[in-house]
Amino acid sequence: MQAADPPATDLWHDWLLGRRLGHDAALEQVVRAKVERYVERLLDAAALAPGQRIADIGCGEGVVAWRAFERVGPTLSALLADVSAPLLEHARARAEALGLAGRCRFLQCPADELGAVGDASLDLVTTRAALAYVADKPRALREFLRVLAPGGRLSMAEPVFRDDALTALALRQRAGAAGADAFIGLLQRWKAAQFPDSEAAIAASPIANYSERDLFAFAQAAGFEAVHLELHIDLRPAETRSWAAFLATSPHPWAPTLGQVMAERFSEAERALFEQVMRPAVEAGRTETVDRVAYLSARKPGA
Ligand SMILES: C[S@@+](CC[C@H](N)C(=O)[O-])C[C@H]1O[C@@H](n2cnc3c(N)ncnc32)[C@H](O)[C@@H]1O
């Protein structure tokens, strides 16, 4: 019997290769340059060396692995793991195009259940913007420890969305106050569609219910040593001045785009008001975003 073809796309694939980039070439360049900086920083802390057995968990397109090969050459062997079959197919095709297929293995599995990966079989585990979506992060960190050889290293770079959720919550309180203007109400509905905006929803959301300190504590509790964490917070101008791209992008895979929010949740009059205020600000480059990234590196004891 032939194995069924994997689906051509899914939520993760759609976002990573589509909505994240706003279907806009200029925005794609900016986003890819930003991700490259995250990956460089993550690999700087990874003690990468020729001949290592590495794994990138939640690999997406495989950007971390391809950069690792560029840094130390084709003697690495890489395991690329992800829950998304379409993204694994995409990464596999890329490995072939790069002539690295023979050095790579692809595995469909969640970060907190690496069952097919042997104990102590790896020198380096990396993960970039993937643990954020895992509900049981302590369990994922225990899995990372299990698959590393003694002395093996973990290096990760994860977004911290908690403050975005707290901002959505604060907006909800502000929009509900007497005298709040109509635009604030629309801003609140946009943010509430993209981030949990109540204490209960924040506590239940894998992307919002942890801080960088929790990541540190999870790594320590899993049994890692030399755990080091740096939180980088950067206020940046919004990544696009194109209204079309601004409408077509969303901040994470579970969030609808602003265009979807406006189409599905605003009336015609609300859409007109929102565009009248927001569009000139976007086109004049007067909007800003805050990036919060936690870089964590650690070592498995017993080298
Ligand atoms: C924001 S993307 C990041 C992809 C890639 N690491 C990068 O840096 O471009 C999140 C990735 O995590 C994967 N993912 C989501 N939930 C996961 C889980 N429970 N276990 C492992 N990977 C997961 C998605 O399929 C997607 O590839």
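Give the residue that is nearest to residue 13 (Cα to Cα), with candidates limited to residues of region 66-80 that are of a type in the set (A, V, I, L, M, F, W, C) and out of contact with any Lys or Arg (no Cβ under 9 Å at 6 or more places or on another chain). Filtering region 66-80 for residues that are of a type in the set (A, V, I, L, M, F, W, C) and out of contact with any Lys or Arg (no Cβ under 9 Å at 6 or more places or on another chain), the one nearest to residue 13 (Cα to Cα) comes out as 68.
Checking each residue in region 1-16 for being within 16 Å of the ligand (Cβ to nearest atom) and either modelled with pLDDT under 95 or surrounded by 17 or more Cβ atoms within 10 Å (Cβ to Cβ) (or both) picks out 6, 7, 8, 9, 12, 13, 15, 16.
The set of residues in region 109-144 being out of contact with any Pro (no Cβ under 7 Å at 6 or more places or on another chain) and either among the basic types (Lys, Arg) or under 20 Å from residue 13 (Cβ atoms) (or both) consists of 109, 110, 111, 127, 128, 130, 131, 137, 139, 142.
Checking each residue in region 70-89 for being surrounded by fewer than 21 Cβ atoms within 10 Å (Cβ to Cβ) and farther than 19 Å from residue 116 by Cα picks out 70, 71, 72, 73, 74, 75, 86. When each of 37, 32 is tested for being near the ligand (Cβ under 10 Å from one of its atoms), surrounded by fewer than 18 Cβ atoms within 10 Å (Cβ to Cβ) and in a helix (DSSP H, G or I), the lone residue that passes is 32. Within region 105-138, the set of residues being away from the ligand (no atom under 15 Å from the Cβ) and not polar (S, T, N, Q) comprises 105, 118, 119, 120, 122, 123.
Quick check: anything in region 32-39 in contact with a Ser or Thr (Cβ under 6 Å, 6 or more places away or on another chain), acidic (Asp, Glu) and modelled with pLDDT of 95 or more? Among the residues of region 32-39, not one is in contact with a Ser or Thr (Cβ under 6 Å, 6 or more places away or on another chain), acidic (Asp, Glu) and modelled with pLDDT of 95 or more, which makes the answer no.
Residue pairs whose Cβ atoms lie under 6 Å apart, separated by 6 or more positions or on different chains, with the first residue in region 273-291 and within 30 Å of residue 162 (Cβ to Cβ) and the second of a type in the set (Ser, Thr, Tyr), are 281/287. For residues that are basic (Lys, Arg) and modelled with pLDDT under 95, scanning just region 139-182, find the one that is nearest to the ligand (Cβ to nearest atom). Selected residue: 172. None of 94, 71, 67 is part of a helix (DSSP H, G or I) and in contact with a Gly (Cβ under 7 Å, 6 or more places away or on another chain) except 94.
The values are calculated or read from the model by the stated rules, or taken from the named source; none is laboratory data. Please read these numbers as outputs of a predicted model, since none were measured by experiment. A quick note on method: Cβ atoms are made from the backbone with ideal geometry, for glycine too, and the neighbour counts reach across all protein chains shown.
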